[in-house]
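The values are calculated or read from the model by the stated rules, or taken from the named source; none is laboratory data. In this text the structure is predicted, and so the values were computed from the model without any measurement. Here Cβ is always computed from backbone atoms with ideal geometry, including for glycine, and neighbour counts include all displayed protein chains. Ligands, DNA and RNA are stripped out before the accessible areas are found, and what is left, the full protein with its side chains, is counted by its heavy atoms. Shrake-Rupley method; radii C 1.70, N 1.55, O 1.52, S 1.80 Å.
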Amino acid sequence: MAAAIALNVLDGLCQVIVKEADLFLGVEDQVKTLGEELKLMGSFLTRDPDQEHVGAVEELVIQIRDLTYEAEDVIDKYLVVARQSAFGFDRLNSKFNKLFNKHDLGRRIEAIRNQIEEIQANEDTTTQASSLDNGFSPPAMEWKGHPHVADNADVVGFQDDIETLVRRLTEGGPRLAIVPIVGVGGLGKTTLAKKVLFNKVVKSKFRCHSWVSVSQDCTPMNVLQQIVKSLTGSIEVKEIGKKLSDFLKYKKYLIVLDDIWRTDFWQELAPHFPDDNNGSRIMFTTRFDDVALQANPATPIPIDPPYYLSFRNNEDSWELFRKKAFGGESCTPEWEELGRNFAEKCGGLPLAIIILSGLLSAKRRKFSEWQEVLDRVSSTIELQNQCLGLLGLSYNDLPYYLKPCFLYIGVFPHVFEIHSKQLIRLWIAEGLIKAEGDQTLEATAEKYLSMLVDRSLVQVIRTRADGGVKTIKFHDLLRDYCISEGVRQKFFDTVEELDSASPSQSSKIRRVVTNSRIFRYMYDESGPQFPLKKVRSLMSFTIDPERHSIDRNYFLHIKNLKLLKVLNLEGASVDYLPDDIDKLIHLRFLRLGTSALKSLPLCIFKLSSLETLDIASGFIRNIPVGFWMLRQLRHANFVGDTELLLPRQDTSYSSLVNLQTLSTVSPKILQCLDFVDMPNLTKLGLCGDLWAHRRYIVRLFNLERLEKLKLVRLTDYRFGLYSIPKVLPQTLTKLSLCDTELVKDPMPILGKLQNLQILKLLKQSCTTKEIVCGPHGFPKLQVLKLVSLPIEEWTVDETALKSLELLVIHYCPRLREFPKALWGVNSLLVLDLLKPGQQFKEQLESYEGRHQYQILID
């Protein structure tokens, strides 16, 4: 891992040296020498040492990693001075040499190079990696396309468990009862509990149900808040226990609590679950006997005997391995014997089987290569338990460029559902991604995420409508491994490590995952105890409705973090930004997940390195014209109808060539599309008074790469859009309309969009009673959502919608009949209905068994 970190930092330094060449005038010789020396070390890091020198090489790699960190400090500190300096190159030259000498990099580089030469002199030089003159480009990868949520392969052998637990939940007396599921980590408790919760019999018996993931750090109050939110959709922080009890009163409910760690949880939780003798149940999973066997005298809730989940037997283990590693294909006797050996090594632990099969999925289907992996597995698990040993083996098998990306996921909290877009933008801001060929950084990062999914190192929770990954989660054991490895390798730290670290240790911290307490460390920049002077990333997350507040007196000192690249405060409440935040010249990612911020300081638009600006505040009504000066900006996200103040047509800073995402902003932005240059904009969200700006919507045609468009009318405005423009970009792949109140049927126009794959007509997007999909309309449409519309009749030509895979019809009670032409669409997989009209429902029932797709009716 130390080599992977060093290579990543070296690659970033090479890019910075090229990108900021104009700022190194006067010191270009020193910088060039530094870059060349470090790149030579980089070539050393990519080679495999012979067994005789493994120990020496490992120690040397750690030294190189630490040295690259120091080189990065020198370069970044110099750039702070160079960008803000008013004096000449001689003074800058002196400043750089002072920093260079302070760290004594020259002497350290020379010493390490001597060690490298000594090792290389004793090894076969033909094995040496080639010089990485152009950085450290990852090799070309074969991508398997969009990953999808795993199929039922991970529940092999669980059928008996599911049937038993379903009986435990649906049978028995009327009193409220607890059903604990007990087993070691990685045994499949969470998977089993989810399958039981969504079992048809269970869903029919419990109309009121909730799933909550519990972390080690969760308090009973956090859990109560999550249950109330999942049941009611509202975020409550006061009298939460009473609100839950009142809501559940007289309802037959099922509450599932996943992964409880402590025995004292029920002392606070139990009194808030009413027992109305109606057969309500609480099911939870835990790794610990004492949690399951606890008997709480403070509550009359009876506790059923725990259900102990067993390890999978040999046949089930082989079947799970076969489905994961071979895609369910049959095998020759030779391959089956090898596969059974793999499965047996996993000791009946499903997570171990999944991790191992994920590792093998990245290998060629070559017997000798798989046999070699088996030998490594055998030697690994003799020294460690199965799961931990296989985790280490799978991690070490990752390409160097994927290791930092994998470890980085460990910065997110336990039970946190991670949005792939946010993760990808953080990877990019951290410099962990290097684009392949002509691809964007985002496209390369999506491939990296796909590779981690294919290796079963992350779990896909939700997919996008187009099949791509929307959210992911980590298994507890994987996250624990990431944290221990990340901290050990000095990749990131938590606030607990910062609290316990010595001044010399804490001054080297580069990434910190924390809550708002971290800001008390910002006071003394000049003092020797200041621990954050080298920090590059500061991140705060929360799963609680109530965010931590940041004291203004602390936050004023954010300017002291001069090398900061990432400031992610979605888990903190921020009601203002300091006026001198522009001192953070390296800042690339700024995310504030708060509704308290009322304005943005003008200086924020001097952050010349900013790539992502994400401000979730509905109080901000306009964005100053300085926004158009953020030349590196790639993604800008706001809330509601935020108005971007428009530049004058004669200004020279109206070009945002890197901007890809702009959402959501007032449609007033349409007025400037004739003279504002956003050539790479692919996603645009407009929200507000669409009627007032309707004549400008045709200018969307100027956005030649626009793929995703969202149009939302706020109900504060009286009039809708009336009709959809006849001319829209043919590049559109996704279109969402909400409250647009189209009085003309939009389908004839939208059906001509040749590349449209996803169409969402939501909540009064059109008011017409009839919609018509004409001949050859929507040739590539895969997903169609019709939600809360007054339509009564829907006509579809037999040649239309031939690529449709998912059809969602929610809250359209007036729709009388299902279009006959859609019964014959072979691509259709799922018809998802919610609150259909009686006539519509009866028609579907009459077609029972005469269609090939799944019909979901809630």
Query - Selection within region 236-255 - of a type in the set (Ser, Thr, Tyr) and surrounded by fewer than 15 Cβ atoms within 10 Å (Cβ to Cβ) - result: 250
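Only one residue in 368, 357 is modelled with pLDDT under 90, polar (S, T, N, Q) and closer than 23 Å to residue 190 by Cβ, so which one is that?
Numbers: 368 fails: closer than 23 Å to residue 190 by Cβ.
The conditions single out 357.
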Query raised in the report: Out of curiosity, is residue 258 open to solvent by 30 Å² or more (accessible area, probe 1.4 Å), of a type in the set (Asp, Glu) and either touching a residue at least 40 places away in the same chain (Cβ under 8 Å) or not in a loop (DSSP other than H, G, I, E, B) (or both)?
Result: no
Query raised in the report: Somewhere in region 699-708, is a residue closer than 27 Å to residue 790 by Cβ and open to solvent by 10 Å² or more (accessible area, probe 1.4 Å)?
Result: yes
Query raised in the report: Restricting the search to region 556-591, which residues are open to solvent by less than 20 Å² (accessible area, probe 1.4 Å) and part of a helix (DSSP H, G or I)?
Result: 558, 560, 581
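Could you please find all residues in region 426-449 being among the β-branched types (Val, Ile, Thr) and open to solvent by less than 20 Å² (accessible area, probe 1.4 Å)? Steps first, answer last, please.
Residues of region 426-449 that are among the β-branched types (Val, Ile, Thr), as a first pass: 428, 433, 440, 444.
Across region 426-449, the qualifying residues are 428, 433, 444.
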Query raised in the report: With respect to the numbered conditions (1) touching a helix residue (DSSP H, G or I) at 6+ places or on another chain (Cβ under 7 Å); (2) surrounded by fewer than 21 Cβ atoms within 10 Å (Cβ to Cβ); (3) not hydrophobic (A, V, I, L, M, F, W, C), which one is the sole condition not fulfilled by residue 404?
Result: (2)
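This table checks each residue for (1) under 25 Å from residue 640 (Cβ atoms); (2) open to solvent by less than 40 Å² (accessible area, probe 1.4 Å).
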residue	(1), (2)
688	yes, yes
693	yes, yes
741	yes, no
748	no, no
Requested in this report: Could you list, in sequence order, all residues of region 165-183 that are out of contact with any helix residue (DSSP H, G or I) (no Cβ under 7 Å at 6 or more places or on another chain) and open to solvent by less than 40 Å² (accessible area, probe 1.4 Å)?
Outcome: 176, 177, 178
Query raised in the report: Can you tell me which residues in region 444-473 are farther than 13 Å from residue 420 by Cβ and in contact with a Cys (Cβ under 8 Å, 6 or more places away or on another chain)?
Result: none
Query raised in the report: Out of region 592-612, which residues are part of a loop (DSSP other than H, G, I, E, B) and surrounded by 18 or more Cβ atoms within 10 Å (Cβ to Cβ)?
Result: 593, 594, 597, 600, 607, 609, 610, 611
Query raised in the report: Filtering region 328-365 down to residues that are assigned to a loop (DSSP other than H, G, I, E, B) and farther than 17 Å from residue 157 by Cα, which residue is least open to solvent (accessible area, probe 1.4 Å)?
Result: 331
Query - Residue satisfying all of: in region 617-667; of a type in the set (D, E, K, R) and surrounded by fewer than 20 Cβ atoms within 10 Å (Cβ to Cβ); modelled with the lowest pLDDT among these - result: 650
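Give region 387-418 a look and list any residue that's within 10 Å of the chain's Cα centre (by Cα) and either closer than 15 Å to residue 447 by Cα or in contact (Cβ under 8 Å) with a residue 60 or more places away in the chain (or both), or say none. Step through it out loud before you land on a result.
Of the residues in region 387-418, the ones within 10 Å of the chain's Cα centre (by Cα) are 409, 412, 416-418.
Within region 387-418, 409, 412, 416 meet the criteria.
To keep it simple, each residue is scored yes or no on (1) among the hydrophobic types (A, V, I, L, M, F, W, C); (2) at pLDDT below 95.
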{"residue": "789", "(1), (2)": "yes, no"}
{"residue": "803", "(1), (2)": "no, yes"}
{"residue": "821", "(1), (2)": "yes, yes"}
{"residue": "828", "(1), (2)": "yes, yes"}
{"residue": "833", "(1), (2)": "yes, yes"}
Report summary line: Taking first residues from region 296-319 that are of a type in the set (Ser, Thr, Tyr) and second residues anywhere that are open to solvent by 50 Å² or more (accessible area, probe 1.4 Å) and modelled with pLDDT under 90, the pairs with Cβ under 8 Å that are 6 or more apart or on different chains are 299/271; 317/344
Requested in this report: Go through (1) at pLDDT 85 or above; (2) closer than 23 Å to residue 582 by Cα; (3) in a loop (DSSP other than H, G, I, E, B) one by one and return the number of the condition residue 681 breaks.
Outcome: (2)
Query raised in the report: Between residues in region 423-438 that are at positive phi and residues that are open to solvent by 10 Å² or more (accessible area, probe 1.4 Å) and in a loop (DSSP other than H, G, I, E, B), which pairs lie under 8 Å by C-beta distance while being six or more apart or on different chains?
Result: 431/565
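Here is a yes/no grid of residues against (1) on the phi < 0 side of the Ramachandran plot; (2) among the acidic types (Asp, Glu):
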{"position": "259", "(1), (2)": "no, yes"}
{"position": "316", "(1), (2)": "yes, yes"}
{"position": "319", "(1), (2)": "yes, yes"}
{"position": "339", "(1), (2)": "yes, no"}
Query raised in the report: Looking at region 586-605, is at least one residue touching a Gly at 6+ places or on another chain (Cβ under 7 Å) and hydrophobic (A, V, I, L, M, F, W, C)?
Result: yes
Query raised in the report: Out of (1) in contact with a helix residue (DSSP H, G or I) (Cβ under 8 Å, 6 or more places away or on another chain); (2) under 26 Å from residue 308 (Cα atoms); (3) surrounded by 17 or more Cβ atoms within 10 Å (Cβ to Cβ), the odd one out for residue 270 is which?
Result: (1)
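Mind checking which residues of region 408-425 are open to solvent by less than 10 Å² (accessible area, probe 1.4 Å) and either out of contact with any Leu (no Cβ under 8 Å at 6 or more places or on another chain) or not β-branched (Val, Ile, Thr) (or both)? Explain how you work it out, then say what you get.
Kept after step one, since they are open to solvent by less than 10 Å² (accessible area, probe 1.4 Å), are these residues of region 408-425: 408-412, 418, 420, 423.
408, 410, 411, 412, 418, 420, 423 - these are the residues of region 408-425 that are open to solvent by less than 10 Å² (accessible area, probe 1.4 Å) and either out of contact with any Leu (no Cβ under 8 Å at 6 or more places or on another chain) or not β-branched (Val, Ile, Thr) (or both).
Residues are listed down the side, and each one gets a yes or a no for (1) assigned to a loop (DSSP other than H, G, I, E, B); (2) small (Gly, Ala, Ser):
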site: 169; (1), (2): no, no
site: 172; (1), (2): yes, yes
site: 175; (1), (2): yes, no
site: 192; (1), (2): no, no
site: 221; (1), (2): no, no
site: 224; (1), (2): no, no
site: 234; (1), (2): yes, yes
site: 243; (1), (2): no, no
site: 250; (1), (2): yes, no
